[in-house]
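Visitor: Here it is, the structure, as structure tokens.
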Amino acid sequence: MDASEGQPHELLAQQLEGKGAADWRSGFEQFFRFKPQTEHQREGEEAGCWQCRVVNYPGYEESEDLWGGWRNSKGAAEVDAFRQAFKHLPQPTATGSSSGSYAAASGAQPVVPSESPPDAETNALPEATSSSSGPQLLYRKNQTEEVPAEVLDVVDAFEQAPSARGALDVLEVWRADVPQDLKQSWETEKRKLQDRNRNPNMKKTSWQDQEPGKDGIDIDMDATRAACLRREREEVAWQLLSVSHKHEGGARSCRVYHGCPDWKVAQSICHTGFAANLAKTKGWFGEGLYSTLNAPYALRYSLGMSDFWEKPGAEGWVIAAKLVYSQVYPVTVADDSTPLISEPGLKGRRIGAADGARGCDCQFVCVRGHPPNAKHKNRHYLACKPGERPEATEIVVDQEARILPEYLVNVQVTGDAKLCKRIQLASEHWGRPMASNQDTALETNGSTKILQNTVNSVQKLETLARKKPVKNGSARTQDDNLHIDIQYKFAQVDDHFVAEVRVLGRDFQGYPQPRKQAAKQSAAQVAIKELQPDAEG
């Protein structure tokens with residue numbers, strides 16, 4: 001329908017949806033015959049979020065206070081404000097093509113509303129067009145048309161992943177309809193990172209230069225532990241660096257995935273950008289916008305925070321995006337609040353706030369799943385412990401413009417419950433250090449026997465510690481014997497306990513056990529085994 005024949009409001013709304021701020025402003029000028037004046041406000045320098053409203057449209061009243069939502073840039077904030085103002089503008093009386101209709105003047109056809117995925121009853125793909133008119137279907141399951149190689153890579157990221165092989169089917173892949181201002185914002189962020197790298201006065205990452213006694217590292221940490229700490233961070237960082245493309249100037253980019261509750265939310269993100277300020281909980285590994293390198297892992301954010309194997313037959317939407325960063329801080333268990341208990345020590349903290357993270361613009365962590373407990377009703381993911389192989393990864397940035405949506409992916413979980421159960425078992429047990437047969441046998445003993453064995457082991461450890469000479473080689477005095485400092489710490493790993501004992505300045509860790517007393521005995525036995533030769537010698 002031509003704009004002059006009845007409902008130009010609806011036609012203009014369809015035409016402008018998905019466009020940038022300049023197009024909305026032009027539409028207001030041509031259709032409503034006035035130049036919109038906008039007012040902006042910012043949510044703190046660090047937050048980098050803008051809010052806007054139109055203050056001069058007909059019928060505007062200050063009391064209405066029609067602010068748009070918080071957005072990552074002024075342009076995106078203006079678009080949201082124009083949408084708000086549009087709802088309250090009076091319907092103009094148009095006469096012919098001279099009405100100034102933006103839709104009529106542009107000569108373009110209205111786009112499909114974005115409330116739900118465009119309907120496609122056949123396997124035929126739409127022909128490519130020179131101008132953007134909404135998301136474009138690039139792939140459908142079992143189609144015969146040729147598919148771009150990059151799209152096939154996205155499909156493989158779900159269907160061929162080791163954790164999901166045979167369990168996930170990609171039903172459709174759509175090219176994201178992203179406004180030009182979001183694309184420009186991404187390029188601007190990349191240039192900022194490149195300029196920062198070239199600037200000798202900018203802070204540089206420091207975690208690779210950490211030494212005992214500096215940057216929060218315990219001065220009593222021996223050389224071996226310090227070396228292992230650095231190696232662990234290097235291994236985590238390499239997980240990200242190895243899949244990233246390095247640009248001129250030092251900026252890097254990589255493909256990431258972000259799960260969405262439904263198509264409408266995915267479309268909204270593509271139109272207005274990611275909104276880190278809308279997060280409902282504090283990020284465990286830093287405050288910011290989260291994504292992952294692992295496509296199946298992103299799907300859990302589409303399924304109510306449940307892993308896909310818990311939802312046979314379910315469908316979800318995931319955005320495949322392009323992320324740009326420069327300096328990464330690798331998060332490990334060393335950042336946890338305590339050495340043994342896995343409570344994320346960076347929860348809610350800004351990017352770069354951790355010891356050694358100075359100069360970093362993103363944070364990256366390799367994670368493993370843990371079963372539900374009193375604090376977490378769902379399976380949850382924490383930083384891998386030394387010796388564990390990661391199930392997934394998480395990457396955090398504090399500038400939402402650094403993630404640019406590229407594809408919208410519709411994924412379905414298999415309805416095969418047996419296959420889902422097999423994948424669950426592998427996820428829960430693969431890649432974890434296994435306890436020895438000797439320590440596993442402790443689980444079958446009665447509680448009384450365990451307690452007695454623990455007492456015996458602890459007493460033996462105390463006796464052994466008293467026999468050891470003091471550091472200067474002289475005999476231990478009676479006062480020394482009265483102040484043998486033996487300290488035990490406990491951590492819960494899934495449904496088991498792990499104990500660590502510190503004696504004579506050395507730390508010894510036992511094997512996972514089902515009870516605290518058994519864990520304490522295991523740690524004491526490890527310490528005895530290590531200290532026995534020294535004492536006897």
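The values are calculated or read from the model by the stated rules, or taken from the named source; none is laboratory data. The structure presented is a predicted model; accordingly, all values stated were derived computationally and were not measured. A quick note on method: Cβ atoms are made from the backbone with ideal geometry, for glycine too, and the neighbour counts reach across all protein chains shown.
Visitor: Is there a residue being in a strand (DSSP E or B) and at pLDDT 90 or above anywhere in segment 231-247?
Guide: Yes; the residues of segment 231-247 include at least one that is in a strand (DSSP E or B) and at pLDDT 90 or above.
Visitor: Could you check segment 67-94 and list, in sequence order, the residues that are among the aliphatic types (A, V, I, L, M) and either at pLDDT 70 or above or on the phi > 0 side of the Ramachandran plot (or both)?
Guide: Ala76, Ala77, Val79, Ala81, Ala85, listed by residue number.
Visitor: Also, I was wondering about something else. Starting from residues that are under 14 Å from Leu404 (Cα atoms) and under 13 Å from the mean Cα position of the chain (by Cα), keep the ones in segment 273-291 and report whichever is modelled with the lowest pLDDT.
Guide: Ala276
Visitor: Report every pair of residues separated by at least 6 positions or lying on different chains whose Cβ atoms are under 6 Å apart, first residue within segment 264-277 and on the phi > 0 side of the Ramachandran plot, second at pLDDT below 90 and assigned to a helix (DSSP H, G or I).
Guide: Pairs found: Gly273/Ala76; Gly273/Glu400.
Visitor: Among the residues of segment 351-368, write down those that are crowded, with 24+ Cβ neighbours inside 10 Å and of a type in the set (Val, Ile, Thr).
Guide: Val365
Visitor: Could I ask something else about it? Based on what the data block shows, is Arg358 at pLDDT 90 or above and either farther than 28 Å from Glu500 by Cα or not assigned by TED's automatic domain parsing to the domain that holds Trp284 (or both)?
Guide: No.
Visitor: I'm trying to understand the selection: among the residues of segment 307-339, which are surrounded by fewer than 17 Cβ atoms within 10 Å (Cβ to Cβ) and modelled with pLDDT under 90?
Guide: Matches in segment 307-339: Ser337, Thr338, Pro339.
Visitor: Of all residues in segment 153-172, count the ones that are over 22 Å from the mean Cα position of the chain (by Cα) and either buried (at least 18 other Cβ atoms within 10 Å of the Cβ) or assigned to a strand (DSSP E or B) (or both).
Guide: Residues meeting the conditions: 4.
Visitor: Exactly one of these conditions fails for Cys270: (1) modelled with pLDDT of 90 or more; (2) farther than 21 Å from Leu182 by Cβ. Give me its number.
Guide: So Cys270 meets the others, but not (2).
Visitor: Among the residues of segment 378-405, count how many are out of contact with any helix residue (DSSP H, G or I) (no Cβ under 6 Å at 6 or more places or on another chain) and aliphatic (A, V, I, L, M).
Guide: Total meeting the criteria: 5.
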